[in-house]
């Protein structure tokens, strides 16, 4: 975790309202098993996972667009022999 501002070093308490008990139990279990029962680490990791997921989706969309372009180009040009196109 990179600390850039003095605010990043400050701690605060917060209250979460109207969270389903099942979700809260899963989150507490996750934090206990993976992050030493430290909730802020669990929240931080979930935010990092979300960021990574969004990056992966962006890259996947780009790759899918390239695949679609190659498929369209493949319909127009057919390979006769190695390096020769019709």
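The values are calculated or read from the model by the stated rules, or taken from the named source; none is laboratory data. Everything numeric in this text was worked out from a predicted model, so none of it was measured. We place every Cβ from the backbone using ideal geometry, glycine too, and count neighbours over all the protein chains shown.
Of all residues in the stretch 34-63, those that are on the phi < 0 side of the Ramachandran plot have Cβ atoms under 9 Å from Cβ atoms of residues that are surrounded by 12 or more Cβ atoms within 10 Å (Cβ to Cβ) and outside any helix (DSSP H, G or I), 6 or more apart or on another chain, in 41/35; 42/35; 44/35; 45/35. Against the criterion of being surrounded by fewer than 10 Cβ atoms within 10 Å (Cβ to Cβ), assigned to a helix (DSSP H, G or I) and modelled with pLDDT under 85, residue 72 qualifies.
Take the conditions farther than 30 Å from residue 23 by Cβ, surrounded by 10 or more Cβ atoms within 10 Å (Cβ to Cβ) and modelled with pLDDT of 85 or more and apply them to residue 45. Does it pass? Against the criterion (farther than 30 Å from residue 23 by Cβ, surrounded by 10 or more Cβ atoms within 10 Å (Cβ to Cβ) and modelled with pLDDT of 85 or more), residue 45 does not qualify.
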